[in-house]
Each structure stands twice: as structure tokens, then as C-alpha cells.
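**Student:** Take this structure first; my questions come after.
The values are calculated or read from the model by the stated rules, or taken from the named source; none is laboratory data. All figures in this text were calculated on a predicted structure; none of them were measured in a lab. Methodologically, a virtual Cβ is constructed for each residue, glycine included, from the backbone with ideal geometry; neighbour enumeration extends over all protein chains shown.
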Amino acid sequence: MGAIVRFRGYGDVEVPVGSSILEAATRAHFPEGSACGGVCACSTCHIYVVRGAELLSEQEDEEADILDKAFDVRAASRLGCQARIVKEGIVEVEITRESLDAYENEHPAERGKYTKNAASAR
């Protein structure tokens, strides 16, 4: 069995326990940034955990340090590369504007596809 990660506005993906939120987004082709390749060296995979935070690994100091450099950090902020699913269930997340911008910069053919939608949804 695995866990379901629900990406608000994009859909659901089932992944094995032990997967990161970033790995789930990549598996489903959802627009979560990963400029550093998922090694906790940037904040482009910044997400908000809306539901199911108790199913995720604890935030470690290195992640907290990187989040200090992120935009619009909230109590529910996590780095998708560091937030690992440790229990079965449903985790619901929202991809931040910062992450959408980074994704589009990493995928020029998709530039404006997600940030334009995010801006019109506000």
C-alpha cells in the first residue's frame, strides 16, 4: 500500500510510503519546482501542507534553514524534496507561487501555463 498525495488544483497521485512530495509531483507531472534537483539546496520545491502533515517526516534543521530564504513562508510550509511520507493516508498540498515560477523557468515550453492560472485564481 501507499499514500495518496493530493495536489490542489492538479489532481491525486499514489506513491509508496518513503516517497517525498517532490517525487510524487514528478511522478504525476505536476508543476513543482526543483532547481537544485531535490537536494535541499534551494526553496523552489516550497509547498504548503493543507492536510495530512502527521503523515510526513519531521522537518529537520537543514530544511528550516532553506525555508528561511523562501517567499511567503507559513506554518504549513515544507520543502517537497524533504517532506517524506512516513505513513499511509492522504496528504493534501498546495504548490506555492514560488514553486510554480521555478517550474516554469525550468520548463520554458510551459512558461505562463501555471502562473497565469494561479494569478487569475486570486
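**Student:** Any chance segment 75-95 includes a residue that's loosely packed, with under 14 Cβ neighbours inside 10 Å, out of contact with any strand residue (DSSP E or B) (no Cβ under 8 Å at 6 or more places or on another chain) and free of Cβ contacts under 8 Å to residues at least 60 places away in the same chain?
**Tutor:** yes
For every residue, the table says whether it meets (1) hydroxyl-bearing (Ser, Thr, Tyr); (2) surrounded by 16 or more Cβ atoms within 10 Å (Cβ to Cβ); (3) at pLDDT below 95; (4) farther than 24 Å from residue 114 by Cα.
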{"site": "27", "(1), (2), (3), (4)": "no, no, no, no"}
{"site": "30", "(1), (2), (3), (4)": "no, yes, no, no"}
{"site": "33", "(1), (2), (3), (4)": "no, yes, no, no"}
{"site": "46", "(1), (2), (3), (4)": "no, yes, no, no"}
{"site": "49", "(1), (2), (3), (4)": "no, yes, no, no"}
{"site": "55", "(1), (2), (3), (4)": "no, yes, no, yes"}
{"site": "58", "(1), (2), (3), (4)": "no, no, no, yes"}
{"site": "64", "(1), (2), (3), (4)": "no, no, no, yes"}
{"site": "72", "(1), (2), (3), (4)": "no, no, no, no"}
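**Student:** Another question about this same structure. Within segment 23-122, considering only strands (runs of 3 or more DSSP E) that don't extend past its boundaries, which have at least 3 residues that are in contact with a helix residue (DSSP H, G or I) (Cβ under 8 Å, 6 or more places away or on another chain) and under 15 Å from residue 10 (Cα atoms)?
**Tutor:** The qualifying strands (runs of 3 or more DSSP E) are 90-95.
**Student:** Give the residues of segment 81-103 that are under 14 Å from residue 45 (Cβ atoms) and not hydrophobic (A, V, I, L, M, F, W, C), sorted by residue number.
**Tutor:** 82, 84, 94, 96, 97, 98, 99, 101, 103
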